[in-house]
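> Got a structure for you, questions after.
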Amino acid sequence: MAEDDFDDDAELVAELDEALASEDAPEDCMQLSELDGFLTGLAVAPFAVEPEEWLSWVWGEGFADKKLEAHVAEMVMDHYARIIEDIEEGYGIDPLLWENPDGSADAADWADGFMAAVDLRPEEWLPILDDDQARLHLVPILALASDADGQPLLQLSPADLKRIQDDVETLIPKAVEEIHAYWRDHGEA
């Protein structure tokens, strides 16, 4: 499917969400919010990773139906290109977050996806992690992400965690903008 086959982002996102959640998708396949965080992490990373390397992180062993896998891969790449374009053009991001029953945004899966992108090449992220000031840009994401055992990556007081959770729709785009600016200012992005 060509990039212009989708009339807008909403159509692409809806079809991608449906494909990732379908019975045809691999059991360990990322879902939409996690995928969006992952692709955003790749978009602001200090290095380029070829899709052949990172697509296996999205769906593990892959789809049984290779034609469907190719179609989903095209949608993923289209979404990734849109994220990159929005960041590069200065539009920022609009993270795809789940909605809790009370109507609030849940960014845990998105943050896990972003950190999966960091985990692709953690050594490349060391400059920002070793910089006390720059590391603060990652706090909203680290506060919401969990390790493989489901434990939070960052221990915060319940009040601080709630403040971040209550403002994720503002804090995450700001964090991504600051991370991108850090790498750009340090000759990496």
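Just so it is clear, none of the values below were taken in a lab; they were calculated from the coordinates. Since the model is a prediction, treat every value here as computed from it, not as a measurement. Note: ideal-geometry Cβ built from the backbone for every residue, glycine included; neighbour counts use all protein chains shown.
> Measuring from label point to label point, each 7 Å out along Cα→Cβ, what is the D9 to Q133 span in nm?
3.0
> Subtract the Cα-Cα distance of E99 and E85 from 0.36 nm times their separation in residues, and report this length gain in nm to one decimal.
2.5 nm
> With everything on Cα atoms, drop me the angle between helix 168-185 and the longest principal axis of the chain, reported from 0 to 90° to the nearest 10.
The two axes meet at around 80 degrees.
> Here are some values of Cα extents along the principal axes in Å: (i) 50, 39, 25; (ii) 56, 37, 32; (iii) 46, 41, 31. Which one was computed from this structure?
So the calculated entry is the one marked (iii).
> Ok, one more. Please list, in order along the range 32-43, the HN-Hα scalar couplings obtained from phi with the Karplus expression 6.51 cos²θ - 1.76 cosθ + 1.60 (θ = phi - 60°), rounded to whole Hz, x for Gly and Pro.
Coupling constants for the range 32-43: 4, 5, 4, 4, 4, x, 4, 5, 5, x, 5, 5 Hz.
> Cut-off under 14 Å on the C-alpha distance; same-chain residues fewer than 8 positions from K66 excluded. Which aspartates and glutamates are left, in chain and number order?
K66 reaches D24, E74.
> A further question follows. Kindly write out, for the range 74-88 in residue order, the coupling ³J(HN,Hα) from the Karplus curve 6.51 cos²θ - 1.76 cosθ + 1.60 (θ = phi - 60°), rounded to whole Hz, with x marking Gly and Pro.
The phi angles translate into 5, 5, 4, 5, 5, 5, 4, 4, 5, 4, 4, 4, 4, 5, 5 Hz.
> Just to confirm the filter: which chymotrypsin sites (Phe, Trp or Tyr not before Pro) across the range 1-107 are DSSP coil and have at most 16 other Cβ within 10 angstrom of their Cβ?
F47, Y91
> If you don't mind, another one. Placing +1 at every Lys and Arg Cβ and -1 at every Asp and Glu Cβ, with all other atoms neutral, what dipole size does the range 74-189 have around its Cα centre, in debye to the nearest 20?
In total the dipole reaches around 260 debye.
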